[in-house]
Amino acid sequence: MVSIITVENINKSYRDVKAVQNLSFSVEPGSCYGFLGPNGAGKTTAMKIIYGKCTRDKTPESIVNVFGYDPAHDELSIKFLSGVVQQEDNLDDELDVVQNLMIYSKFYNIHASEAKKRIKYLLDFFELSDKSRSKIRELSGGMKRRLVIARALLNQPKLLILDEPTTGLDPQVRHLIWEKIRQLQKQNTTVLLTTHYMDEAFQLCNHILIMHKGRKIMEGRPTELLDKNIEKFVLEILNVELISKENREKAQKNIRIEDSPGVMRYYSNDISVLKDFADSCMESGNYVIRQTNLEDVFLRATGRQLHD
Amino acid sequence: MTEVKTLRYPPLYIRLYSVWFRHMRVYTQNLLSNGFPPFLEPLIFLAGVGMGLGGYITDKIDGVPYIEYLGTGLLVTTAMFTSAFECSYGTYIRLEFEKVYDGMLAAPMTVNNLIVGEMIWAGTKGFFFTFAVLCVLSIFKIILIPYGLLAPFVGFLTGLMFASFSLLVTSFVKNINHFNFYFTGFISPMFFFSGVVFPIENLPDYIRPAAEMVPLTHSVRLVRAICTNSYKPILLLDMIYIVFFIMIFGYFAIKRLKKRLVS
């Protein structure tokens, strides 16, 4: 399939900080492509380069192609075909919900009567209809977020860029937003998403790219990332004192041990091996055995220390 | 490449209009508190000069009574103040606190469009504020209609001048309190030394060139000529000054703000 976004070898430096280094990826139409990474990994910068809010370093080998346009020359065409949800809810506080959307419909040159229909549809879609005449100040965080997403959808974009769409929202709103993103995908909207919620990436994305310190460190389908990069199960012991030193090292060869402050983790593809090991050195109830998830892959790839 | 909508992004004039529309919409949202004071201000001025100050100044200035002299100047100072405030505090708040521009720049719009739209809006406010003063002063027969009807256009140009300059100042500002220097050090002195309150001919010779260099002097000369219907060749120089001022400072304002808006 032909890609809707092709990015090759892009770099972005701010003075002495290299925000993005040698990043390449391509996005297929209709897919949901997720950028995962700790704070400051360069996810947002990569998004901004795509819609022209940020200019990439001028290197001859760098390519950015979105719908056949290069944002360095054709930002207007790209923005016209895309909807962008930035990290901050930059709504006009003095206006009400409908007025906020009407202003943006002008930016896209949508005829007023058509805009009204579209706004009605979008407010309905995001379950905001009864708030249509509310001031922005009266909205909760989740409502504002839904409104910002609705605003990005005014021009029926082919590409929806979501920069941490659910950060700080309660579970109900997160699930609602996920549901809407899935619906949009069914309508063939391509979605580009950044997040540091692993479950969000797992739920929504067909393809995930893990970034760290400006670089791509891993990419692939979510299940593929799990299969390739981590054992199927993990045994976690939160009370390290419960297990004696010789017992700690007693673990068999096909168990990988990760010793981080306060927590011991034993990884294996065979759940029974972990179970036997755990039972041999402590009482049940003092440990947890679970399936590994994307968070384990992520932490293994980016390390457990803070990155801020 | 995949199939792309055949529709094109909006043409330039629509993009500029949409920025203007955004500001207009926000401004008219509080119609009473935004629209009423421009009419109240000249009334206060009239009361102050008419009941008090005017009694001390019985001589004519440049052949007109003092209330008319000061009143015509007020036509453009009001445009100066509204535009300078809009494009300093207003712009800074939209830029740094509300992040309104970030959202707008995600729509099909360039930084140039955004800033030029901003300037046109400030010009419009200048037009409206001058118009408000004109309404009040013409009711009291201080400015004569129809001559004065052109004054709002000078208000528009004044608005553009102070928009471009204030935007350039804003591009340097990292802390909103720094605007205090701009207003106390530049805008307020201009009110007193640009021929609004007294003729600049009365200034000492060594200060006079400075008065000729600042923008308000040229707006004042233009608007007075219009209100008194006495056109002189020097006005052509004033017009040229105004046009160049807008273009040069507007250019640098856009250039510098672009660095702040697109990283």
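The values are calculated or read from the model by the stated rules, or taken from the named source; none is laboratory data. Note that this is a predicted model, so its numbers are computed, not measured. Ideal geometry is used to build each Cβ from the backbone, glycine not excepted, and the neighbour counts take in all protein chains shown.
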task: Being touching a helix residue (DSSP H, G or I) at 6+ places or on another chain (Cβ under 8 Å) and more than 9 Å from chain B (Cβ to nearest Cβ) is the filter; apply it to the stretch A:48-68 and report the residue that is surrounded by the fewest Cβ atoms within 10 Å (Cβ to Cβ).
output: A:Val64
- prompt: Considering only the stretch B:9-50, how many residues are aromatic (Phe, Trp, Tyr), assigned to a helix (DSSP H, G or I) and surrounded by 13 or more Cβ atoms within 10 Å (Cβ to Cβ)?
  reply: 6
Elements of type helices (runs of 4 or more DSSP H) in the stretch A:75-181, at least 3 residues being buried (at least 18 other Cβ atoms within 10 Å of the Cβ), touching a residue at least 24 places away in the same chain (Cβ under 8 Å) and within 13 Å of chain B (Cβ to nearest Cβ): A:97-107, A:141-152
- request: Spot the failing condition for B:Leu167; the list is (1) more than 15 Å from the chain's Cα centre (by Cα); (2) buried (at least 18 other Cβ atoms within 10 Å of the Cβ); (3) under 25 Å from B:Met247 (Cα atoms), and only one is missed.
  value: (1)
- request: Select from the stretch A:181-194 the residues that are under 15 Å from the mean Cα position of the chain (by Cα) and either among the charged types (D, E, K, R) or over 17 Å from A:Gln156 (Cβ atoms) (or both) and list them in ascending order.
  value: A:Arg182, A:Leu193, A:Thr194
field: Qualifying position, being at pLDDT 95 or above and in contact with a Pro (Cβ under 7 Å, 6 or more places away or on another chain), among B:Ala151, B:Ala132, B:Ala163
entry: B:Ala132
field: Residue among B:Tyr92, B:Tyr101, B:Tyr9 that is touching a residue at least 40 places away in the same chain (Cβ under 8 Å), more than 26 Å from B:Ala151 (Cβ to Cβ) and more than 10 Å from every other protein chain (Cβ to nearest Cβ)
entry: B:Tyr92
Any pair with Cβ under 7 angstrom, 6 or more apart, that starts in the stretch A:271-296 at a residue that is under 13 Å from A:Glu236 (Cα atoms) and touching a residue at least 40 places away in the same chain (Cβ under 8 Å) and ends at one that is small (Gly, Ala, Ser) and part of a strand (DSSP E or B): A:Leu274/A:Ser268
- prompt: How do the pairs read when you match residues in the stretch B:37-63 that are farther than 21 Å from B:Thr130 by Cβ with residues anywhere that are charged (D, E, K, R) and in a helix (DSSP H, G or I), using Cβ under 8 Å and keeping only pairs 6 or more apart or on different chains?
  reply: none
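Quick one: which residue in B:Phe162, B:Phe131 is in contact with a Gly (Cβ under 8 Å, 6 or more places away or on another chain), in contact (Cβ under 8 Å) with a residue 12 or more places away in the chain and buried (at least 24 other Cβ atoms within 10 Å of the Cβ)?
Of B:Phe162, B:Phe131, the one residue that is in contact with a Gly (Cβ under 8 Å, 6 or more places away or on another chain), in contact (Cβ under 8 Å) with a residue 12 or more places away in the chain and buried (at least 24 other Cβ atoms within 10 Å of the Cβ) is B:Phe162.
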query: Looking at (1) within 30 Å of A:Leu159 (Cα to Cα); (2) away from chain A (no Cβ under 14 Å), can you tell me which one B:Gly73 breaks?
result: (1)
field: Residue satisfying all of: in the stretch A:29-43; buried (at least 21 other Cβ atoms within 10 Å of the Cβ) and under 18 Å from A:Leu160 (Cβ atoms); farthest from the other protein chains (Cβ to nearest Cβ) among these
entry: A:Leu36
message: Return the residues of the stretch B:196-221 that are aliphatic (A, V, I, L, M), more than 21 Å from the chain's Cα centre (by Cα) and surrounded by 13 or more Cβ atoms within 10 Å (Cβ to Cβ); say none if nothing qualifies.
response: B:Leu203
query: Here are A:Ser26, A:Ser13: which of them is touching a strand residue (DSSP E or B) at 6+ places or on another chain (Cβ under 6 Å), surrounded by fewer than 21 Cβ atoms within 10 Å (Cβ to Cβ) and more than 22 Å from B:Gly103 (Cβ to Cβ)?
result: A:Ser26
field: Residue check, B:Ala132 within 14 Å of another protein chain (Cβ to nearest Cβ) and more than 13 Å from B:Ser18 (Cα to Cα)
entry: no
message: Against the definition (at pLDDT below 95 and touching a Lys or Arg at 6+ places or on another chain (Cβ under 9 Å)), how does B:Ser230 come out, yes or no?
response: yes
- prompt: Which one is modelled with the lowest pLDDT, of the residues in the stretch B:135-147 that are surrounded by fewer than 24 Cβ atoms within 10 Å (Cβ to Cβ) and assigned to a helix (DSSP H, G or I)?
  reply: B:Tyr147
